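Colleague: Below is one structure. I have some questions about it.
The values are calculated or read from the model by the stated rules, or taken from the named source; none is laboratory data. Since this is a predicted model, take the numbers as computed values, not measurements. Glycine gets a Cβ as well: all are built from the backbone with ideal geometry, and neighbour counts include every protein chain shown. Note: accessible area is taken over every heavy atom of the protein model, side chains too, but ligands, DNA and RNA are not part of it. Shrake-Rupley method; radii C 1.70, N 1.55, O 1.52, S 1.80 Å.
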Amino acid sequence: MPLHVQLKSIIENKVAQGELTGQIPTERNFMEYYNVSRSTVREAINLLVREGVLEKRHGSGTFVSIKPIHQWLGNLTSTTEMIRQRGKKPGAKLIEHYKMTPETYIQEKAGFKEAFFIKRVRYADDMPIGVECHYYPIDIGEAIAKYDLNDTTLYEIEENELGILFAEASQVIGIGIIPDEEAVHLSIPKMSHVLVAERIIKNQKGDIVEFEKAYYRSDMFNFQINLSRKFG
């Protein structure tokens, strides 16, 4: 394995384990500690900058970037669980909830002529990373709304308190322009491009119990998929 790739791996592991935070050591520090050339150090750092692990700040040096939050697809994981798995403190703030008539698009996707709407802003280490809009059948939504919806996991309320057992989910992820109202909640400029995720959840009977449309900051949140190749 080339030396710069080995060094890249070492630095990346130190960042992941929290051993490297803030400004990283100088090129000379790396050269002397690992007994490698300046070009090797620069190649390793440049790769990490391109991958978003490090960032160069003009006139200041090279720093560890804000670590993105990753969500592994393939199982039904709440945003709270996902944030915790990445070593960050999850948070949620209720914005509003009420009965409503969903737009035609959601009626066609979820089959809800009427719905109970819940909107929350999600946080990781007190930084807003997403706005999640949930649409429920009226009876389920009203039951959820009886609980404190700040800094709590909606999935846990549904499963542990209401006895709703999730059986399957389908999810579509794309890029879109965030609505102005949601941009304010995330403290980002209007017309920003964000990750847009739509999720439909069904219970064991095959009934749709939730439709969710969420907007996530693309600089703080990304989705990853584990793939494996089968032989034989």
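Colleague: Figure the gain on full extension for residue 152 and residue 205 (residue separation times 0.36 nm, minus the Cα-Cα span) and round it to one decimal in nm. Provide the component values of the computation, followed by the final result.
Modeller: Values: separation 53, 0.36 × 53 = 19.08 nm, distance 2.62 nm.
In short, 16.5 nm is gained.
Colleague: Let me ask something else. Classify region 132-198 as rounded, prolate or oblate from the Cα gyration tensor: take a ≥ b ≥ c as the square roots of its eigenvalues, call it rounded if a/c is under 1.5, otherwise prolate when a/b beats b/c and oblate if not.
Modeller: Details: a/c = 2.84, a/b = 1.78, b/c = 1.60.
Since a/c reaches 1.5 and a/b is larger than b/c, the shape of region 132-198 is classed as prolate.
Colleague: On a 0 to 90 degree scale, rounded to 10, what angle separates helix 38-50 from the longest Cα axis of the chain?
Modeller: That works out to roughly 10 degrees.
Colleague: How much accessible area does residue 168 have with a 1.4 Å probe, in Å² rounded to the nearest 10?
Modeller: 100 Å²
Colleague: Semi-axes of the equivalent ellipsoid for the chain, please: Cα gyration tensor eigenvalues, times 5, square-rooted, ordered largest first, whole Å. Show your work: numbers first, answer last.
Modeller: Numbers: eigenvalues 335, 76, 49 Å².
Equivalent-ellipsoid dimensions as semi-axes: 41, 19, 16 Å.
Colleague: Let me ask something else about it. Taking 0.36 nm per residue of sequence separation and subtracting the Cα-Cα distance, how much length would be gained by fully extending the chain between residue 142 and residue 168, in nm to one decimal?
Modeller: Between residue 142 and residue 168, full extension yields an extra 7.1 nm.
Colleague: Taking a threshold of 20 Å on the Cα-Cα distance, which of the pairs 89/190; 99/119; 109/190; 88/190 fall above it?
Modeller: Values: 89/190 27 Å; 99/119 12 Å; 109/190 27 Å; 88/190 27 Å.
In this structure, 89/190; 109/190; 88/190 exceed 20 Å between Cα atoms.
Colleague: Rounded to the nearest 0.05, what FRET efficiency do residue 34 and residue 193 give with R0 = 41 Å and r taken as the Cβ-Cβ distance? Could you check?
Modeller: Numbers: r = 38 Å, r/R0 = 0.94.
Given R0 = 41 Å and the Cβ-Cβ separation, E is 0.60.
Colleague: So, one more: Which FRET efficiency value, to the nearest 0.05, is calculated for residue 42 and residue 94 with the Förster distance at 45 angstrom and r the Cβ-Cβ distance? Please report the intermediate quantities before stating the final value.
Modeller: On the way: r = 48 Å, r/R0 = 1.06.
E between residue 42 and residue 94, to the nearest 0.05, is 0.40.
Colleague: While we're on this one: Kindly report the accessible area of region 177-217 per residue (heavy atoms of protein chains, probe 1.4 Å, no ligands, DNA or RNA), in Å².
Modeller: On a per-residue basis, 47 Å².
Colleague: Ordering 193, 58 from largest to smallest accessible area (1.4 angstrom probe), what's the sequence?
Modeller: Sorted by accessible area, descending: 58, 193.
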